[in-house]
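The values are calculated or read from the model by the stated rules, or taken from the named source; none is laboratory data. Keep in mind the model is a prediction, meaning the values are calculated, not measured. Cβ placement follows ideal geometry from the backbone for every residue including glycine, while neighbour counts extend to all protein chains displayed. The accessibility values were calculated without ligands, DNA or RNA, using every heavy atom of the protein model including side chains. Shrake-Rupley method; radii C 1.70, N 1.55, O 1.52, S 1.80 Å.
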Amino acid sequence: IDFALQLAPNSTQLKLEKVRLLIESALFEDAKALLDDIRKANTNNPNFWLVQALYDDNTNNRQQATTALTKALQLDADFHQAMLYLYELALMGGDKQAFIDRAEATLQTSPDNLLTKNLLAQFYFVQQDFDKATALYKSLLDEDKTFNRAIVLNKLAIMALHDNINDAHKYIEQAFEINSTNPDILDSLGWILVQKGQLEDGLGHLRKAFARDSNNPEIRYHIGYALAKLNRNQEAKEELKKAVAVERPFYNRSK
């Protein structure tokens, strides 16, 4: 990069790439000095604010990183990398409202921004705000360019399960028709069948899901539940013990 900068000493892109490399190398003072040097000429450059956010995040200033990403998105509402980074910060305990406000503002001006719509829907889903998540996911189904239709249908099935199991079954069958090997879809299909009392069929799909994602404790819980309903209690206990032995949190851990 230094050699490239000798050839093109005024290249902002190269300077930002150098800042990234300095951050990766934990040379934070050098990174800050270079950012400060180019700041005045780049206040209207969304890429500058993205790299500034990267610096702030890596120096334990998450709120400042959020502010920098917000500036980047104010300059370019369709800057996908910045929106994804803002979403990730919100999920990791950052400013959730800042992400929501920015994403909703972006969709007001760019309703065809499918990445932002997906991220906002997923965020509401994780926060268990199912009314808002469902509305966004349903609107994604109406989009011809939706790239993850099977996943959208799976999310709708999961949320519908709380209110209308028949709707949940319709959604997951449509998802399964599109992708019959995705472990999340297999898990949802199996779980819904178990909830409908189709225990053997449901367990079969859950086993297939587990074969494709054996590190997912949620699938193990579903298998244990199905086995218990089939009065195969010893097998159920083994599955449930293994599920709670996994340190990572999952939705049904307390159950």
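Please calculate how many Å² of accessible area the chain carries per residue, with a 1.4 Å probe and no DNA, RNA or ligand atoms counted. Intermediate values should be presented prior to the final figure.
On the way: 13780 Å² over 255 residues.
Here the residues of the chain average 54 Å² of exposed surface.
In whole percent, what relative contact order does the chain give with Cα contacts below 8 Å and a gap of six or more residues?
Answer for the chain is 7 percent.
Length gain on complete extension for the stretch Arg232 to Lys255, per 0.36 nm per residue less the alpha carbon to alpha carbon distance?
6.5 nm
Tell me what the chain gives for mean residue ellipticity at 222 nm when only DSSP H runs of n ≥ 4 count, each as -39,500 (n - 2.57), the sum divided by the residue total, rounded to 500 deg cm²/dmol.
Helix contribution divided over all residues of the chain: -23000 deg cm²/dmol.
For the chain, modelled as a Gaussian network with Cα springs under 10 Å, which listed residue fluctuates most, Val51, Val244, Val152?
Among Val51, Val244, Val152, the largest GNM mean-square fluctuation belongs to Val244.
Report D for the range 58-175 in µm² per second (integer): Stokes-Einstein, Kirkwood Rh on Cα pairs, 25 °C, 0.890 mPa s.
Values: Rh = 14.9 Å.
Diffusion coefficient, whole number: 165 µm²/s.
Principal axis lengths of the range 1-128 from Cα atoms, whole Å, largest first?
Projected onto its principal axes, the Cα set of the range 1-128 covers 50, 28, 21 Å.
Rounded, prolate or oblate for the range 68-124? Axes are the square roots of the Cα gyration tensor eigenvalues, ordered a ≥ b ≥ c, and the cut-off for rounded is a/c under 1.5.
Details: a/c = 1.69, a/b = 1.21, b/c = 1.40.
Oblate is the answer for the range 68-124, as a/c is 1.5 or above yet b/c matches or exceeds a/b.
Size of the dipole of the range 19-73 about the Cα centre, Lys and Arg at +1 and Asp and Glu at -1 on the beta carbon, nothing else charged, in debye to 20? Walk me through the numbers on the way to the answer.
Values: 6 positive and 7 negative charges, 49 e Å.
Roughly 240 debye for the range 19-73.
Go ahead and collect, in residue order, the members of the range 47-71 whose backbone nitrogen is under 17 Å from a label point 7 Å along the Cα-Cβ direction of Ser25.
What the label zone holds, given the 17 Å backbone N cut-off, is 55.
Count the lysine pairs in the range 131-214 whose Cα atoms lie under 13 Å apart, taking only pairs 8 or more positions apart in sequence or on different chains. Walk me through the numbers before you get to the answer.
Numbers: Lys132/Lys155; Lys138/Lys155; Lys155/Lys170; Lys170/Lys196.
Lysine pairs meeting both conditions in the range 131-214 amount to 4.
Identify the chymotrypsin sites (Phe, Trp or Tyr not before Pro) of the range 189-255 meeting these criteria: DSSP loop state and at most 16 other C-beta atoms within 10 Å of the C-beta.
Numbers: sites: Trp191, Phe210, Tyr221, Tyr225, Phe250, Tyr251; in loops: Phe250, Tyr251.
Within the range 189-255, the qualifying chymotrypsin sites (Phe, Trp or Tyr not before Pro) (loop, at most 16 other Cβ atoms within 10 Å) are Phe250, Tyr251.
Could you tell me the calculated FRET efficiency between Ala105 and Lys242, based on Cβ-Cβ distance and R0 = 45 angstrom, to the nearest 0.05?
0.50
Set Lys and Arg Cβ to +1 and Asp and Glu Cβ to -1, take the dipole of the chain about its Cα centre, and tell me which of Met159, Leu73, Val19 lies farthest positive.
After comparing all options, I get Met159.
Taking only Cα atoms, what is the 0 to 90° angle, nearest 10, from helix 80-91's long axis to the longest principal axis of the chain?
Approximately 60 degrees, to the nearest ten.
Select from Arg62, Arg207, Arg232 the residue whose mean-square fluctuation is largest in a Gaussian network model of the chain (Cα-Cα springs shorter than 10 Å).
Looking only at Arg62, Arg207, Arg232, the biggest GNM fluctuation is shown by Arg232.
Relative contact order (percent) for the range 144-227, with alpha-carbon contacts under 8 angstrom and 6 or more residues of separation?
Working: 106 pairs, mean separation 18.5, N = 84.
The value is 22 percent.
Dipole size in debye (nearest 20) for the chain around its Cα centre, Lys and Arg Cβ +1, Asp and Glu Cβ -1?
Roughly 640 debye, rounded to the nearest 20.
Using Cα springs under 10 Å in a Gaussian network model of the chain, which residue among Asp78, Asp95, Asp131 shows the largest mean-square fluctuation?
Result: Asp131 has the largest fluctuation of those listed.
With all protein chains present, how much of the accessible area of the chain (probe radius 1.4 Å) comes from carbon and sulfur, to the nearest whole percent?
C and S fraction of accessible area: 47 percent.
On the Cα set of the chain, report Rg and Dmax in Å, please.
Rg, Dmax (Cα atoms, Å): 22.9, 74.
Which residues in the range 171-189 have a backbone N closer than 14 Å to a point placed 7 Å from the Cα of Gln198 along the Cα-to-Cβ line?
Counting backbone N atoms under 14 Å from the label point, the list is 171-177, 186-189.
Taking the Cα centre as origin and putting +1 on Lys and Arg beta-carbons and -1 on Asp and Glu beta-carbons, what dipole magnitude results for the range 137-208, to the nearest 20 debye?
It works out to roughly 120 debye.
Provide, as a two-decimal number, the C-alpha radius of gyration of the range 172-255 over 2.2 N^0.38 Å, N being how many residues it has.
Normalised by 2.2 N^0.38 Å, the Cα Rg of the range 172-255 equals 1.02.
So what are the ³J(HN,Hα) numbers for the range 8-23, from phi and the Karplus equation (6.51, -1.76, 1.60; θ = phi - 60°), rounded to whole Hz, Gly and Pro as x?
These are the phi-based 3J(HN,Hα) values: 9, x, 9, 6, 5, 4, 5, 5, 5, 5, 5, 4, 4, 5, 5, 5 Hz.
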